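The values are calculated or read from the model by the stated rules, or taken from the named source; none is laboratory data. Here the structure is a predicted model, which is why all the values come from computation and not from measurement. So basically every Cβ, Gly included, is an ideal-geometry build from the backbone, and we count neighbours across all protein chains shown.
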């Protein structure tokens, strides 16, 4: 990833962030520095960029946060390149093809790294976040952003009450210093967002 600043780096893990497509989707490459194994969080768009990048960094699997079209535009190209694609069962019918189902509270190993899956329905039925165990890192897709939850007004099967409950019970129980890396835009932290939950409920979005 020459020329790109590293988004997160320790002696064990490296995360690179690539912004792709007309909706400026965040795609993240998480790499285990001990084994060289890697995963791509959301094959969102610009396959001509993401596939060579994935091949160069050891990506073997794509973990899909949810099935909305702007997050899956490079899925076909990824599978054609021999990269396995996973998605939660609740969103499986939103995608043209996949190789494995992502279950709730599952552990996905990336070399010596471990990603724990967190089912976060509300934006879509199968929306899933990924917590990097042993590191203050959480990939939230379109469930949690700086300033509030993902949109529930413009999508079928979306529910504001469900996403609020999902954030409160599944994400706001995490440590305050947990970095939230969302599907669009800038990072935030659990501690920054948690105090505003009641405000979001009052405003209704």
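Listed values, structure above:
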quantity	calculated
Segment 77-89 residues that are over 23 Å from residue 120 (Cβ atoms), paired with ones that are assigned to a strand (DSSP E or B) and at pLDDT 95 or above (beta carbon under 9 Å, 6 or more apart)	79/62; 79/85; 82/60; 83/40; 83/59; 83/60; 83/61; 83/62
When residues of segment 129-175 are limited to those that are under 19 Å from residue 89 (Cβ atoms) and at pLDDT below 95, the one surrounded by the fewest Cβ atoms within 10 Å (Cβ to Cβ)	156
Strands (runs of 3 or more DSSP E) (entirely within segment 54-118) containing at least 1 residues that are modelled with pLDDT under 95, closer than 18 Å to residue 30 by Cβ and out of contact with any strand residue (DSSP E or B) (no Cβ under 7 Å at 6 or more places or on another chain)	none
Leading residue by the ranking (surrounded by the fewest Cβ atoms within 10 Å (Cβ to Cβ)) among those in segment 34-69 that are touching a residue at least 60 places away in the same chain (Cβ under 8 Å) and farther than 22 Å from residue 158 by Cβ	36
Residue check for residue 44: under 17 Å from the mean Cα position of the chain (by Cα), outside any strand (DSSP E or B) and under 24 Å from residue 167 (Cα atoms)	yes
